[in-house]
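See below for the structure under consideration.
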Amino acid sequence: MAQKIPSSEITPEHIYLSRRKFMTGAGALAATAAILGVAGCNTSPTAPAASGSNTAQSGAPAKSQPEAPAAVQPQTDELGDPLNTFEAITNYNNYYEFTTTKEDVAAMAQGFTTSPWQVEVGGLVNNPKTFGMEELLRFEQEERIYRLRCVEAWSMVIPWVGFPLRKLLEEVDPKSDAKFVRFETVFRPEEMPGQRSPWYTWPYVEGLRMDEAMHDLTLMATGLYGKDLLPQSGAPLRLVVPWKYGFKSIKSIVKIDLVDKIPVSLWMAAAPNEYGFFANVNPAVSHPRWSQATERRIGEFGRRATLPFNGYANEVAHLYDGMDLSVFF
Ligand SMILES: Nc1nc2c(c(=O)[nH]1)N[C@H]1C(S)=C(S)[C@@H](COP(=O)(O)O)O[C@H]1N2
Ligand SMILES: [Mo]
């Protein structure tokens, strides 16, 4: 499928300067200054001090270097952590429909048919509708740099392209009794050998509560690094919920239903005591078989502390006021 918007036209300035209010770190300012070509521009008195040794955060951006097209790509997330490379992001994947060996997903998913593609959106809505991929690509595509934290305790920083799920849900007009959103991956065992495995209840299913689904951070991703998603990353359309463990971010979605009961995900069906519905990243609560306190950032040596809600607590913690977060789910 042809990418409709080159990465250089995803208007990162707008995203960082207004849309992404949480994108306020020094790295963002340096990146923005580089984009705008404003030498020595460190205008915000509220900019937090740069942490770490990345010189991109030093407040002396860009100088007068000639600007390569790639210069529109910020180099860090809002915490100052460097992006993982395209190669790393697309060669270390969880996608059990193909294989449980992360290093082999890319090769096994190569050639998976991602076009034509349709997504059926229905259930408790006033305007059920089946969207072709080309219609979904007409939603304004934004770049969002998010941390992805797998429950297996590895993580990456990924520059996604996509649109907020909220925009899609607004199109179908949810009814007032819709309480949850249920997502379903394509079922195509002839192309996805893992789906012939009896160990899991295919197709892959995931769910969100309505308020989680409507949250601005909740993204329907169509690309990364300014290119269309590759099959191993969940092409042509996958969910990204950055404050939850990675398994919530379901790939190759063909069906979205608004429902009134909590959906049973593939992982809840497989091991309800290990993988709950909420699955918010929480370093204080171990998985029954391993700690979640630290993580291995792909591309780094050693381990780093895992942040509550994967570093998005300011944006999402209020969604869980009154809930007991000391349980894994
Ligand atoms: N359909 C489907 N979606 C899936 C998975 C899967 O096996 N099948 N794995 C999940 C897990 S465990 C993680 S960590 C992320 C990994 O996304 P990535 O391979 O793009 O990094 O995808 C999630 N979405
Ligand atoms: Mo994962």
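All of the numbers you see were taken from the coordinates with simple rules; none came from a lab. None of these values were measured; they are calculated from a predicted model. Counting neighbours? That spans all protein chains shown, and the Cβs are built from the backbone with ideal geometry, glycine included.
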Based on what the data block shows, is LEU124 out of contact with any helix residue (DSSP H, G or I) (no Cβ under 8 Å at 6 or more places or on another chain), farther than 22 Å from GLN195 by Cβ and more than 15 Å from ligand 2 (Cβ to nearest atom)? yes
What number of residues within segment 169-209 are within 16 Å of ligand 1 (Cβ to nearest atom) and basic (Lys, Arg)? 3
Would you tally the residues in segment 235-273 being charged (D, E, K, R), touching a residue at least 60 places away in the same chain (Cβ under 8 Å), within 16 Å of ligand 2 (Cβ to nearest atom) and part of a strand (DSSP E or B)? 1
Among the residues that make up segment 259-274, is at least one of them surrounded by fewer than 22 Cβ atoms within 10 Å (Cβ to Cβ) and either under 13 Å from the mean Cα position of the chain (by Cα) or under 21 Å from ASP81 (Cβ atoms) (or both)? no
Within the bounds of segment 289-301, is there any residue that is of a type in the set (Val, Ile, Thr), under 20 Å from GLY207 (Cβ atoms) and surrounded by 13 or more Cβ atoms within 10 Å (Cβ to Cβ)? no
Among the residues of segment 275-288, which ones are of a type outside the set (Gly, Ala, Ser) and either surrounded by fewer than 13 Cβ atoms within 10 Å (Cβ to Cβ) or touching a helix residue (DSSP H, G or I) at 6+ places or on another chain (Cβ under 8 Å) (or both)? TYR275, PHE277, PHE278, ASN280, VAL281, ASN282, PRO283, PRO288
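Please specify each residue of segment 111-142 satisfying the condition of being part of a strand (DSSP E or B) and out of contact with any Leu (no Cβ under 9 Å at 6 or more places or on another chain).
Scanning segment 111-142 gives GLN118, GLU120, LYS129, THR130, GLY132.
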